[in-house]
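Contents: one structure, followed by commentary.
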Amino acid sequence: MPGEKLNNFKRSSRECHENDDGRHQLLTTAIILRPTAARVPRKRPLEEWYSPAEVLMATVAQLLEQKGHNVEAIAPDTTVYDAIRRMSDLDIGALVVVENGKVIGLITERDYARNVFLKGKASPTTPVREAMAEEVLFVGRAETTRDCMAIMTGKRTRHLLVMEDEALLGILSIGDLVRSIVAEQDIAIEQLEQYIRRG
């Protein structure tokens, strides 16, 4: 049953490992949904090293407080044409595919291009379930912006669902993360400038 796919979801997690000089490296683990695949963790170490005091960044929960928890969903039997038109009207890049109250996939503009347009299919007659991505990544509220960016970069995806206990809490785009990280960097620069002036 499509709804059973949700049981294969595992959220990304963070691990912090200490090396010889007392500094810490963050590792992110993303386990994704594949209906027939085993649950295999995939770790992507971040390129930079940070001391514990430096790892102060926005969490997914904080991002959702700013952005909101609204999620635009669509039924799998809706046509791709209607899905694309709805994304255009709302100026968004993805719709969560829900059936019987369960998340079963995600459809994006990229999915339309790859699975409909380039295959010569007609969007007014093609259902969303034939074009959507069944492989869906998601994170929990405790993950940070850097965790999410590492997952998106490693998996070449532009959207992450936010879920806990099979409840859909929100969705994040790569644009949301970039804006948050830029704001964090601006604050860090301002603090550094104040430190230099005090010195």
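The values are calculated or read from the model by the stated rules, or taken from the named source; none is laboratory data. This one's a predicted model, so the numbers in the text were calculated from it and none came from an experiment. Here the Cβ positions follow ideal geometry from the backbone for every residue, glycine too, while neighbour counts run over all protein chains shown.
Among the residues of the range 157-169, just one is buried (at least 20 other Cβ atoms within 10 Å of the Cβ), touching a Lys or Arg at 6+ places or on another chain (Cβ under 8 Å) and of a type outside the set (Val, Ile, Thr), namely Met163.
Of all residues in the range 82-98, those that are crowded, with 19+ Cβ neighbours inside 10 Å and in a strand (DSSP E or B) total 4. Of all residues in the range 54-81, those satisfying the criterion of being part of a strand (DSSP E or B), of a type in the set (Val, Ile, Thr) and either at pLDDT 95 or above or on the phi > 0 side of the Ramachandran plot (or both) are Ile74, Thr79. If you filter the range 117-137 down to residues that are aliphatic (A, V, I, L, M) and either surrounded by fewer than 15 Cβ atoms within 10 Å (Cβ to Cβ) or not in a loop (DSSP other than H, G, I, E, B) (or both), you find that the one that is farthest from the chain's Cα centre (by Cα) is Ala122.
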